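Data first, discussion second: the structure below is written as structure tokens.
The values are calculated or read from the model by the stated rules, or taken from the named source; none is laboratory data. This one's a predicted model, so the numbers in the text were calculated from it and none came from an experiment. Cβ placement follows ideal geometry from the backbone for every residue including glycine, while neighbour counts extend to all protein chains displayed.
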Amino acid sequence: MTLVAAAAGAAGIVAAGCGATPSRHLEVHQTPVHSTGRSTVAGTTPSAGTPEPTTATTTPPTTTTSTTKATSVPTSAPTATTAPAPPVALGAPAAGFVAGHVTAVGDSVMLDYQTPLQADIPGVDVEAAVSRQWAAGEDLLAQLKAEGDLGAEVIVALGTNGPITSTDFADMMNVLSGASRIVFVNIHVDRPWQDPNNAVLAQGAASYPRVVIADWATLAANNPGWFGPDGTHLAIDGTGAQALASLITTTLSNG
């Protein structure tokens, strides 16, 4: 999935905590809310017979001077080309996961791009809620797994509403152990926990196989016009929402 930066209107986006909050927007807490700690390239062949005698004649020797200089033509080595890496093959899921199915769990930012994500990943089960914390998302994923309804491919877009730790990440991975692929979407939020949370996600993903990061933080920082006044939410189904859905879909596909 080429992303084109484009300004998106701020219609339908309301800053957290200001006025009436649409149901598809989260309320970002002013005070960090900590999770519960549960939530990881030839010689000639002579003729036969005797040659006939010939009359010898004296001919002055002719000296020939070659005026042609050898020219060296440089030859360029062929340019090496690297074929794009093929998508990482999916492993067989463990018990409790539904092969061929995708589950996405997130907060209110996911509500902004829910429709584009469903268009990009047909059949995806989107479980998004306003102000959802990391621990609440972990509990939901554990419940879906226990009920046999958790997709073998999982998208986790949490961490907007409060700080997370490496212990939280490890606890989440305990729930998701056995999934075929897991995509964590890092965050873009005007709060002090943005960079620490993204560091936890990056370090955690590097420690587990089949886990990848959809780098929304970088893409978002390069496209500030996509956001509303709170700097976190997107115009529902707008340019930024479509770009985020496309980023997640490409990351999930290429692993």
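Anything in the stretch 198-219 that is in a helix (DSSP H, G or I) and under 14 Å from the mean Cα position of the chain (by Cα)? List them, or say none.
Looking only at the stretch 198-219, we keep the residues that are in a helix (DSSP H, G or I), and these are 198-206, 216-219.
LEU201, ALA202, ALA205, ALA206, TRP216, ALA217, THR218, LEU219, listed by residue number.
To keep it simple, each residue is scored yes or no on (1) under 25 Å from ASN254 (Cβ atoms); (2) buried (at least 23 other Cβ atoms within 10 Å of the Cβ).
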position	(1), (2)
HIS101	yes, no
GLN118	yes, no
ALA135	no, no
ASP149	no, no
GLU153	yes, yes
VAL156	yes, yes
THR167	no, no
ASP171	no, no
GLY178	yes, no
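Considering only the stretch 110-195, give the strands (runs of 3 or more DSSP E) lying wholly within it that have at least 1 residues that are aromatic (Phe, Trp, Tyr).
181-185
Quick one: which residue in VAL124, VAL156, VAL175 is more than 25 Å from ASN222 (Cα to Cα) and under 19 Å from the mean Cα position of the chain (by Cα)?
On the way: VAL156 fails: more than 25 Å from ASN222 (Cα to Cα); VAL175 fails: under 19 Å from the mean Cα position of the chain (by Cα).
None of the other options fit; the residue is VAL124.
In the stretch 108-167, what count of residues is obtained for those that are under 19 Å from ALA245 (Cβ atoms) and of a type in the set (Lys, Arg)?
The total comes to 1.
Taking the stated definitions as given, is THR232 assigned to a loop (DSSP other than H, G, I, E, B), among the β-branched types (Val, Ile, Thr) and either farther than 26 Å from ALA95 by Cα or modelled with pLDDT of 95 or more (or both)?
Here the answer is yes, as THR232 does meet what is asked.
Between TRP134, TRP193, which is modelled with pLDDT of 95 or more and under 29 Å from ALA92 (Cβ atoms)?
TRP134
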